[in-house]
Each structure stands twice: as C-alpha cells, then as structure tokens.
Ligand SMILES: *[C@@H]1O[C@H](CO)[C@@H](O)[C@H](O)[C@H]1NC(C)=O
Ligand SMILES: *[C@@H]1O[C@H](CO)[C@@H](O)[C@H](O)[C@H]1NC(C)=O
Ligand SMILES: *[C@@H]1O[C@H](CO)[C@@H](O)[C@H](O)[C@H]1NC(C)=O
Ligand SMILES: *[C@@H]1O[C@H](CO)[C@@H](O)[C@H](O)[C@H]1NC(C)=O
Ligand SMILES: *[C@@H]1O[C@H](CO)[C@@H](O)[C@H](O)[C@H]1NC(C)=O
Ligand SMILES: *[C@@H]1O[C@H](CO)[C@@H](O)[C@H](O)[C@H]1NC(C)=O
Ligand SMILES: *[C@@H]1O[C@H](CO)[C@@H](O)[C@H](O)[C@H]1NC(C)=O
C-alpha cells in the first residue's frame, strides 16, 4: 500500500458530506448508542441514608435524566425526520430499540422515543415504546463485565490484586486525609475513613465522584464544598480505574494475555452495529424496505468506553450522563458494494447542570479505518463502510473461545479445573452452564456440568445449545468493576 493510496482514501472520506458531494449521497441509516440519563447515586455503603427515600432509591433515573434523553430524541428528530419514515406514526420495525435490562436504561430508551415522536403526543398515534432487553448474564454487547463469562471469571479470580492495585493508584492521586474529609462530608465514612474496618480508598473515590456528579444534575452541589474542591481529582481516580479495568491491570500482571485472547471489550457491540448498517445495503434489488432506519442501544458508561476503545479511541474519560454516539450511514446513488457506503460518527453529551437545560452538543469522532490492504488511517469525517468493518474485525479475540476464554490459572483459582466438581452455586457451575467448551479441548460435559472424557458413558450432553440456561447462580460478590454506572 502506497502513501498516495492512503491519501486518496482520506480525500474520499472527507468528500462524504462535504458540500460538493452531498448531492450524490443519501442518508440511509442512523445508529445511536447512549448512556442513560442522570440518576440518583449508587453508593456501595450507607445507601439507606444517601439515596432519596432510602436504599430503594439508588440508581433511579431522575427528572433531569428524563429531560436529557428526551432532548436526545428531539435532537434526532430535528436532524433525521426525513430519514425516519414513516414519521407520522411509530413503527418499531423501522426504529429498533435495545436496552440493558436495567430500569434506568429502559426508561432512558422510552424518553428518547418520546422526544423523537413528540409531535404525536396527545394524538391516537402516541408512542408506546417497544424496548428489547435480554438477561444481564447474556448481555455480551452492552455489558461485557456481566455478560462475558470470560470477564466474570477473570475479574472474580483477580479481584484481590485488582482492588489492591486500584486503591494504591487512588492514593497516588488523592491523599487518605482528603478522602476522609470527603467521606465525612457525604456520609461515606465507612469506606473513606482509614480507621474503619471496611476502608476501601478506591471505592470511596468512585462513590464520591458519583455522588457529586449526581448532585450537579440537581443543582445541589453547594452542600458539598469539600467534595467539590477535589472533584477534578476524583474524576482522575475514575479514569485511572477505567485504564486499569480496560487492560492496564492485565498488562502489568499478565503480560496482556487476557485482553489479547478475548479481544477488545466493545467488539461484540461494534460487530452488531455493523450488521445493522449492512441491512441498509441492497442485497439484490430492491433495497429491503423494512430494515430499521434508526437503531438505538441504551446502556451505561461501561457500554460506551469499550465501544470507543474498539473503534480506536483509547481515551478513558468517563462518558457523562446521557452521553451518546451517533453513526450515520450514507449511500451513493445506485450503490451496491460496501465501499459505496460511508459511515460517519459523532459523540456528544447533554449539559450536566440545570442551567444548561440539558441540551446536547456533538463533535466529530475520529474514526479508525482499514483498507483491504490492511493500511489503517484516521478520519474525522467518516470512512467507507468496508474500511470501517475491516478495522473493527481486526479488534476481535485471538482465542477461538472468545467471550468464554479462561486461562488455566483462572480456572485453578476458581476451582474449575477438569476434575473439579461443579458444586452449585459457584463460579465453576456458572461458567460451565454458560460455555459449552468449558471442559477444554477434548473434554465433554455431562448435563450436571461435570467434565468427562468424550466417549465415557455419561458424556452425552456436550452437543447442547451454545449458551445454556443459568440455574439461578448468584455470583455478584465484589467482581471488578462491580457497578454498572
Ligand atoms: C425536520 O428536519 C428539518 C431539516 O432537517 C428541520 O428543519 C425541521 O425542523 C425538522 N422538523 C421537526 C418537526 O423537527
Ligand atoms: C450515612 O449518611 C448520613 C447522611 O449523610 C450520615 O449522617 C451518616 O453519618 C452516614 N453513616 C455513616 C456510617 O457514614
Ligand atoms: C502469555 O502467553 C504466552 C504465550 O501463550 C506465554 O508464554 C506467557 O507465559 C504468558 N504470560 C503470562 C504472564 O502468563
Ligand atoms: C434554557 O431554557 C430557558 C427557558 O426556555 C431559556 O430562557 C434559557 O436561555 C435556556 N438556556 C440555555 C443555556 O439554553
Ligand atoms: C476520544 O473520545 C473522547 C471521549 O471519550 C473524546 O473526548 C475525544 O475527543 C475522542 N477523540 C477523538 C480523536 O475523537
Ligand atoms: C465532521 O464530519 C462531517 C461529516 O459527518 C464533515 O462534513 C465535517 O467536515 C467534519 N468536521 C471536521 C472538523 O472534521
Ligand atoms: C477453592 O477451594 C478451596 C479449597 O477447598 C477453597 O478454600 C477456596 O475458597 C475455593 N475458592 C473458590 C473461589 O471457591
């Protein structure tokens, strides 16, 4: 691949929506991925005092949060009303909504649809949202830390060194004395006070960051002057946590072997997005009429960070409440091959304080793209769909086990070697219930999740479904990161 080839590709990409070219391009599809709107805090201690109305009031979408996502729907309406046809009624085949199975994300998806179809309010065509979800344990696209057996197992096996490391990193950023003052101010002393048996500097810092971020959206930061003074440092603590969780911990302790084996954590979502985009490709003639023209995914900060990473942006700033990424798919007239289609992307977020009216601003996302000759280039104005796909496909797992990958060492720590019994409830029982290859190459599994040699009398069940039914296993003790924020 020569230099001129790269430059030609970039010029072509720039041309996509430049004035000279727009005439021949048509917007085919819009894909939106967003974090839920502002919510009440989700502290790990003292919930009954710190969440409005008691512990049941943690993590709920607030009025501000509803306004944010409604504004995102309005933003989409103002730009894409011509694309989203029919526009005088809601057709859930044309506008596809998918959310994690969490109340605040489902409600955020509702709000987006309400904003999008606000002109139908009060008419018989008013929107009754259709929002698809799946079990959190199988949410491989939107919640890798819950939906990937590989990550559940790895984070369970490494939680002690991981938390030790992140607490040390926290204390390099902010002093124990300052964390104690912050904890006293908020009501997090249990984890912020070095004298407390449950002292946990890392969790203290991210809970405090969260508490203040929530207070910003309700205009109530005046009661938190000390936390406000250190807010910038608390945000740094959260970003360093993202850095370690997304790969640095693996690099430092394991030579990067885990992340290489499983691929980038946003890979399944990126692949799903590309599949949706390809639905706007004409497969034969004419163009399929019922493919969604708008798809949206309602998730969390830990949905967006892995996605950015897979798409080549390794910035670990934490996405704010309501943060969104918008992809547009453009087609040349008469387009038939995937390189007659172009993808652009932008990212943005709503203002986080009431005086901003929570309105959105977006800027171009610099996309990474790869030619068929495997030359990577960056473009802030989009690239051919084929080049976008080439880049993403290069970000997947190296292990054939993919999201079910575990190392020998991880299985040993979690008592899940070949001869270990699948005692329930346990991580091993969970793992074998999720992953058909959990007994390793050449191993087979019985219906009771025991590993056996193939051909032995009880080895009949290894041809079951790829993902088996989980039998109510609870494994949610202190994995990292243990919060969907
Ligand atoms: C529809 O889109 C056009 C152009 O993008 C915009 O000017 C108009 O305000 C939009 N209509 C609504 C109801 O948002
Ligand atoms: C819990 O929060 C309340 C309200 O901020 C505070 O008064 C109380 O001291 C906190 N409890 C602990 C154990 O930190
Ligand atoms: C990483 O994997 C390589 C190749 O499989 C292996 O040789 C090496 O020991 C592993 N490193 C660690 C730290 O486990
Ligand atoms: C917010 O909305 C109010 C009332 O509509 C308006 O006066 C104000 O200018 C808006 N502020 C911003 C930052 O858009
Ligand atoms: C990378 O993503 C961050 C948000 O996480 C954003 O602020 C930054 O502008 C992005 N960089 C590029 C080059 O798009
Ligand atoms: C942003 O992307 C659009 C296409 O989506 C393009 O027209 C515009 O030139 C880009 N702006 C910058 C500053 O790159
Ligand atoms: C593994 O088994 C050992 C010995 O029975 C036990 O002490 C340990 O807690 C088990 N580990 C896990 C993660 O279950």
Inter-part gap, Cα centre of region 74-141 to Cα centre of region 197-236, in whole angstrom, is 32
Taking 0.36 nm per residue of separation between residue 400 and residue 172 and subtracting their Cα-Cα distance, the length gained on full extension comes to 78.2 nm
antiparallel share of DSSP beta bridges within the chain, to nearest 5, in %, is 70
For residue 409, placing the label point 7 angstrom along Cα-to-beta-carbon and taking region 415-431, residues whose amide nitrogen sits under 19 Å are 415-418
Per the 1/(1 + (r/R0)^6) rule, R0 = 60 Å and r from the Cβ atoms of residue 184 and residue 333, FRET efficiency to 0.05 is 0.40
For region 112-262, shape from the Cα gyration tensor axes a ≥ b ≥ c, cut at a/c of 1.5 then a/b versus b/c, turns out oblate
In nm, the gap between the two label points placed 7 Å beyond Cα toward Cβ at residue 134 and residue 195 is 5.1
So, relative contact order of the chain in percent, Cα under 8 Å, 6 or more apart, is 20
Neighbour-count ranking for 148, 154 (other C-beta within 10 angstrom, fewest to most) reads 148, 154
Checked the chain against the a/c 1.5 cut and the a/b vs b/c comparison, axes a ≥ b ≥ c from its Cα gyration tensor; verdict oblate
Per the rule of 0.36 nm per residue minus the C-alpha distance, extending residue 124 to residue 79 adds in nm 13.8 nm
Full extension between residue 89 and residue 253 adds, at 0.36 nm per residue less the Cα distance, a length in nm of 53.6 nm
Taking R0 as 51 Å and r as the Cβ-Cβ distance between residue 55 and residue 26, the FRET efficiency 1/(1 + (r/R0)^6), rounded to the nearest 0.05, comes to 0.50
For residue 226 and residue 375, extending 7 Å from Cα along the Cα-Cβ vector and measuring point to point gives, in nm, a value of 5.9
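No value in this document is a laboratory result; all are computed from the given coordinates. Everything numeric here is computed off the predicted structure, so don't read it as measured data. Here the Cβ is made from the backbone with ideal geometry for all residues, glycine too, and neighbour counts use every protein chain on show.
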